[in-house]
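One structure is given below, encoded as structure tokens.
The values are calculated or read from the model by the stated rules, or taken from the named source; none is laboratory data. Keep in mind that what you see is a predicted model, and the values were worked out from it rather than measured. When we count neighbours, we look across all protein chains shown, and the Cβ atoms used for this are built from the backbone with ideal geometry, even at glycine. What goes into the accessible areas is simple: the full protein's heavy atoms, side chains included, and nothing from ligands, DNA or RNA. Shrake-Rupley method; radii C 1.70, N 1.55, O 1.52, S 1.80 Å.
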Amino acid sequence: MHGPALSGWLLMALCGATGAYCLLRTRSGTERERRAARAEALMGFGMAAMAVPAALLTLPDWMWVVYAVVFGGAALHAVVYARGGGHHLHHLVGSLAMVYMSLAMAPGAAHATGGGHAGHGPGAAGSAGGIPMLTTALLVYYALYFLRSAGRLIPAPAPVGVPAGGGTGGHGGMTAPPWGARPELALACRLTMGIAMFAMLLTL
């Protein structure tokens, strides 16, 4: 039996909306930015599907293998570009974490690690068989990522004599960037997915 499904519904909606915005970001920016947006859209939609409450849909057993294969491919893709640093290293960790959760939630995984498999998604306490040390390491990584990203979202004080907002809009002669090209929203999306990943790892 699953625990309260509310957390699953919230994560599904949050990750789905984040994935949709990342998909919007693929329409603008440099090739590197579009590539990062595609990886983040895949991550958002994948996490939304993984968080679907069992009351709405029970995933077939083979779906966990599909998750592992898809995000294993995403991890290999991230390895190719990880030498450039930046978000690709974070994408690599995220993809590997998705592979890990897929394998941990697969039927039989819980029995192999001494747990009891009971379903999927947040709210299913004791539902998967993760490796405690690896789960803890990922939790620490995402906790630190949250603290670092949250600090970057705090706006810096405007210089003396410069109005708040930098004069963008109709009065400063500058137009605001389109919604798909706002760096603060992109960072907020990464922060959102980091929080969601932390919450999902807690269920292992």
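Here are some notes:
- Considering 123, 108, 165, 161, the condition of being open to solvent by 30 Å² or more (accessible area, probe 1.4 Å), touching a Gly at 6+ places or on another chain (Cβ under 9 Å) and modelled with pLDDT under 55 is satisfied by 165 alone.
- Within segment 20-33, the set of residues being within 19 Å of the chain's Cα centre (by Cα) and either within 11 Å of residue 102 (Cα to Cα) or open to solvent by 40 Å² or more (accessible area, probe 1.4 Å) (or both) comprises 20, 23, 24, 32, 33.
- One residue from 36, 51 being under 14 Å from the mean Cα position of the chain (by Cα) and more than 20 Å from residue 187 (Cα to Cα): 51
- If the condition is being under 14 Å from residue 197 (Cβ atoms) and of a type outside the set (A, V, I, L, M, F, W, C), then segment 11-62 contributes 18, 19, 40, 44, 46.
- Checked against the criterion of being more than 18 Å from residue 188 (Cβ to Cβ) and not aliphatic (A, V, I, L, M), segment 9-22 has at least one qualifying residue.
- When residues of segment 80-98 are limited to those that are out of contact with any helix residue (DSSP H, G or I) (no Cβ under 6 Å at 6 or more places or on another chain) and aliphatic (A, V, I, L, M), the one farthest from residue 200 (Cα to Cα): 80
- Considering residues of segment 44-97 that are of a type outside the set (A, V, I, L, M, F, W, C) and modelled with pLDDT of 90 or more only, the residue surrounded by the fewest Cβ atoms within 10 Å (Cβ to Cβ): 73
- Once segment 1-31 is narrowed to residues that are modelled with pLDDT of 85 or more and not in a helix (DSSP H, G or I), the residue that is nearest to residue 48 (Cα to Cα) is 26.
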